[in-house]
Structure formats: structure tokens, C-alpha cells
1. Hey, could you check the stretch 44-64 for residues that are hydrophobic (A, V, I, L, M, F, W, C), assigned to a helix (DSSP H, G or I) and touching a residue at least 24 places away in the same chain (Cβ under 8 Å) and say which is farthest from Lys89 (Cα to Cα)?
2. Output the residue which, of all residues in the stretch 50-85 that are surrounded by fewer than 23 Cβ atoms within 10 Å (Cβ to Cβ) and touching a Gly at 6+ places or on another chain (Cβ under 8 Å), is nearest to Gln23 (Cα to Cα).
3. Looking only at helices (runs of 4 or more DSSP H) that lie completely in the stretch 1-43, which have at least 2 residues being β-branched (Val, Ile, Thr) and under 14 Å from the mean Cα position of the chain (by Cα)?
4. Might you let me know whether the stretch 101-113 holds any residue that is within 16 Å of Asn20 (Cβ to Cβ), out of contact with any Pro (no Cβ under 8 Å at 6 or more places or on another chain) and exposed (fewer than 14 other Cβ atoms within 10 Å of the Cβ)?
5. How about the stretch 88-117: which of its residues are without any contact (Cβ under 8 Å) to a residue 12 or more places away in the chain and either on the phi > 0 side of the Ramachandran plot or among the polar types (S, T, N, Q) (or both)?
6. Answer with yes or no whether Ala85 is touching a helix residue (DSSP H, G or I) at 6+ places or on another chain (Cβ under 6 Å) and farther than 15 Å from Ser2 by Cβ.
7. From Lys30, Lys13, grab the single residue that is more than 16 Å from Glu113 (Cα to Cα), basic (Lys, Arg) and without any contact (Cβ under 8 Å) to a residue 24 or more places away in the chain.
8. Quick check on this structure: which one of Ile93, Ile112 is part of a helix (DSSP H, G or I), at pLDDT 95 or above and closer than 17 Å to Ser2 by Cβ?
Amino acid sequence: MSVEIAKAHYLGKDGYKKLNCAQAVLRAFKDRFDLTEDVIDQCGACGGGRAPEGQCGSLYAARVMLGAAHQAEINDCENALLERAGSIKCREIRAARKLACVGCVETIAACIEKIGK
């Protein structure tokens, strides 16, 4: 269910507020990971290739949300994105046109969905 919510936020459909990729992923898991509005708002500057080191904003959101305690799960998310998109860097993903941004949101949300809290 969180995957669909993340996609709906990213696309701004079905009554959900349109958010960037990082915010969409964070919003979808807000309650499950006890995220504050401040954390989600701070990631407003992390879409479109502006996340640290140019990484995909969706992946960056996973890093923010999960933290160092879940490094293995973050690695799984990174590997899933590499497999589907060919990179973890936003601009490289977009240039390759292998996976659309909404696909990145979906990929990372699906990885997070598998994690037990």
C-alpha cells in the first residue's frame, strides 16, 4: 500500500499532494517510521538531482528514513535501483532513460515496504 501512496504523492493524483521524489517516499512511510513534517519539508530541496552527491532523491529518502541501523537494507535499495535504473545518481538515471522518476519512487518504496520495523 505504501508503494501506491508514494507514487500518488509523486504524481499528485487521487487527492494526494504532489511532492518531489524524496518527499513522496518519506510521506508514504511517515507513520511507520515516525517521521516529522520537518524531515519531509527539509527534503523539499532533494529532488531533481539535488540530493547529496547527486544521488536519486528516493534513495536519499531511504537513507534519511532508515539511518545507519539499517545499512544492509539501504544496500538492498541501492542494488535494486542499480539493477532497474543502471545508476544511483539522478542525472545519470534520467539521461539513460531506462527508468522514469516515478519508477525510482516505486522501486525504493517497494524495498522499504519489505523492511520490518
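1. Top of the filtered list is Val64.
2. The selected residue is Arg50.
3. 2-11, 37-42
4. no
5. Residue satisfying the conditions is Arg97 alone.
6. It is true that Ala85 is touching a helix residue (DSSP H, G or I) at 6+ places or on another chain (Cβ under 6 Å) and farther than 15 Å from Ser2 by Cβ.
7. Lys13
8. Ile112
The values are calculated or read from the model by the stated rules, or taken from the named source; none is laboratory data. Nothing here was measured: the structure is a model prediction, and the numbers come from that model. When we count neighbours, we look across all protein chains shown, and the Cβ atoms used for this are built from the backbone with ideal geometry, even at glycine.
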